[in-house]
Amino acid sequence: MSSNQFPENAIRYLHFKPGFFAYFYGMIVIRENEQVTGEFDSGKIQERRAVLPGAGEKFSPPSNLFYWARAWSEKGGLVDLHPHKGFEIISYIIKGEIEHFDTGQNTWIKLHAGDLQVIQSGKGIQHAERLLPGSEIFQIWFDPDLQKSLQKDAVYQDYKAASFPNEIHTGYEVQHIKEKEAPVTLDAKDVFIRLYTYQKGSFSFLVRDEAMCALFVLDGELKIAGHDCRKGDYILVESTDLVDLEIYAETRLFAIELPVDPGYPLYSKSFKIPS
């Protein structure tokens with residue numbers, strides 16, 4: 001995906017179909033209040049899940065992105081030690097601070113806003129997370145081809161916000177989290193992660209051939225393909241389209257580009273969901 005200005009007549013308008021969530025030709029929008037809710041630590045941590053296998057068709061995993069949740073805590077809370085196996089799990093700190101423990105490192109590690117951690121859970125690992133007061137995070141799982149990843153040892157890696165390169169353009173900025181010179185590596189095929197910060201104005205982006213793009217509105221308000229979105233909304237652009245953006249106020253979009261076909265069997269196509 002690239003963010004560039006394109007002529008007005010290049011836009012292909014997308015067809016709207018009414019429903020519980022906004023569904024466009026080539027695009028799905030799941031509003032914050034439509035996402036699946038959850039909680040941890042007796043409600044101290046709240047969660048909304050935009051991608052959740054088994055929760056219904058609209059929450060189905062796109063390609064090798066298996067699960068996407070946003071969690072936050074007003075007063076702080078703990079997700080106690082629990083196992084993972086096979087999947088690659090990233091936690092991105094949206095604001096505040098968290099502390100992370102896993103059985104590979106065997107120590108608590110603090111992460112700050114803008115930092116990212118990657119767990120390649122391989123043969124198996126246990127971890128715990130403590131959200132400090134006023135913190136908010138993403139947790140996102142990727143399917144790296146479980147037939148291979150389940151044969152590997154678990155690996156854990158932290159990445160500081162300052163390690164992600166930035167590109168500044170007229171009216172917007174791109175932070176490259178997983179691609180180009182960015183240090184993050186994943187086994188999940190053809191996954192690229194970027195953080196866009198837009199100033200007020202009109203923009204367009206292109207979803208490349210054989211790819212789709214999952215977007216999450218971190219802050220701000222915008223109109224995408226003619227429909228208003230705001231903080232907390234999840235958007236999936238499924239087909240190769242030039243998509244127009246009208247930014248009403250400074251807006252941050254967390255963007256994950258995915259392959260239409262990663263070229264290996266996806267676990268989301270089966271029924272059993274591992275821990």
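Brief remarks follow.
- Test for ILE177: is it more than 18 Å from the chain's Cα centre (by Cα), modelled with pLDDT of 95 or more and aliphatic (A, V, I, L, M): no
- Residue pairs whose Cβ atoms lie under 8 Å apart, separated by 6 or more positions or on different chains, with the first residue in region 106-124 and closer than 10 Å to ASP158 by Cβ and the second assigned to a loop (DSSP other than H, G, I, E, B) and among the polar types (S, T, N, Q), are VAL118/THR185.
- If you go through region 39-59 and keep only what is modelled with pLDDT of 95 or more and either among the basic types (Lys, Arg) or over 15 Å from the mean Cα position of the chain (by Cα) (or both), you end up with GLU39, PHE40, ASP41, SER42, GLY43, LYS44, ILE45, GLN46, ARG48, ARG49.
- For region 161-275, the strands (runs of 3 or more DSSP E) that sit wholly inside it and include 1 or more residues that are among the acidic types (Asp, Glu) and either touching a residue at least 40 places away in the same chain (Cβ under 8 Å) or buried (at least 18 other Cβ atoms within 10 Å of the Cβ) (or both) are 242-259.
- Residue list for region 140-160, filter: surrounded by 15 or more Cβ atoms within 10 Å (Cβ to Cβ) and more than 21 Å from LEU116 (Cβ to Cβ): ASP145, LEU146, LEU150
- Qualifying positions in region 139-160 - assigned to a loop (DSSP other than H, G, I, E, B) and more than 27 Å from GLU97 (Cβ to Cβ): ASP143, PRO144, ASP145, LEU150, GLN151, LYS152, ASP153
- Answer from SER149, SER135 - the residue that is within 18 Å of the chain's Cα centre (by Cα) and either closer than 23 Å to PRO262 by Cα or hydroxyl-bearing (Ser, Thr, Tyr) (or both): SER135
The values are calculated or read from the model by the stated rules, or taken from the named source; none is laboratory data. What you are looking at is a predicted structure, and each value in this text was computed from that prediction instead of being measured. Cβ: placed from backbone, ideal geometry, glycine included. Neighbour counts: every protein chain shown.
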